Each structure stands twice: as C-alpha cells, then as structure tokens.
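The values are calculated or read from the model by the stated rules, or taken from the named source; none is laboratory data. This is a predicted model, so every value here is computed, not measured. With ideal geometry, Cβ positions are generated from the backbone for all residues, glycine too; neighbour counts draw on all protein chains shown. Just so you know, the surface numbers come from the protein's heavy atoms only, side chains and all, with ligands and any DNA or RNA stripped out. Shrake-Rupley method; radii C 1.70, N 1.55, O 1.52, S 1.80 Å.
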Amino acid sequence: MTAVKERIIGAVSIMSDRDADIFWHIIQKHFTAPDLFTNIEEVEPDEVDLMMLKEIENNPDCHEFISQEELMKELNL
C-alpha cells in the first residue's frame with residue numbers, strides 16, 4: 001500500500017462517523033466510473049470496532065494534529 005493510501009486510511013480512522021460519511025459521498029461523487037464501488041462490502045462495526053471508535057472520540061491524544069509541514073518532515077518527503 002502506498003503512503004498516500006495509508007494517510008487516507010489514517011485520516012478516516014480518526015474522523016467522526018458523520019465526517020466519514022461526508023467523505024464517502026465525496027469519493028462516490030468524484031469517482032464516477034461505472035461500477036467502481038459496487039464490489040465494496042458494507043460491514044457494520046463489531047464490538048471491538050465500536051470500542052475503538054469510542055476511544056478515538058474520547059481520547060484527547062487521538063485528536064492531536066500536526067501541520068502539513070511537520071507531517072512531510074516526519075514522512076521524509
């Protein structure tokens with residue numbers, strides 16, 4: 001997996017469900033190739049997923065952001 005894809009996954013993992021839903025609609029609208037997303041299975045979060053999401057929402061350490069410049073330095077880009 002490329003670094004860009006990993007950053008996208010990381011960003012989505014700390015988003016609220018509402019923001020992730022908005023992001024999903026942006027993706028669907030922007031990438032309109034026929035049947036591009038038809039094979040993506042929708043899965044409801046299990047107990048562990050829900051526990052992790054709750055931790056992300058409630059743990060202030062999960063809401064620590066850095067500037068793009070700092071991120072680029074960290075990624076050696």
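Counting only residues at least eight positions apart within a chain, or on another chain, the aspartates and glutamates with an alpha carbon under 18 Å from that of Lys54 are Asp17, Asp19, Asp21, Glu44, Asp46, Glu64. Averaging 1/r over every pair of different alpha carbons in the chain and inverting the result gives a Kirkwood radius of 14.8 Å.
Using the heavy atoms of the protein chains alone and a 1.4 angstrom probe, what is the accessible area of the chain per residue in square angstrom? Show your work: numbers first, answer last.
Details: 7180 Å² over 77 residues.
On a per-residue basis, 93 Å².
Taking a straight Cα-Cα cut-off under 25 Å and skipping sequence neighbours fewer than 8 places away in the same chain, the lysines within cross-link reach of Lys29 are Lys5. Accessible surface of the chain, 1.4 Å probe: 57 percent of it comes from carbon and sulfur atoms.
Counting each DSSP H run of 4 or more residues in the chain as -39500 (n - 2.57), what helix-only mean residue ellipticity at 222 nm follows after dividing by all residues, to the nearest 500 deg cm²/dmol?
Working: 4 runs with 45 residues, N = 77.
Helix contribution divided over all residues of the chain: -18000 deg cm²/dmol.
The modelled label-to-label distance between Glu41 and Asn59, using points 7 Å beyond Cα along the C-beta direction, is 2.7 nm. Using θ = phi - 60° in the Karplus curve 6.51 cos²θ - 1.76 cosθ + 1.60, the 3J(HN,Hα) couplings for segment 12-17 round to 5, 5, 9, 6, 5, 4 Hz; x is entered for Gly and Pro.
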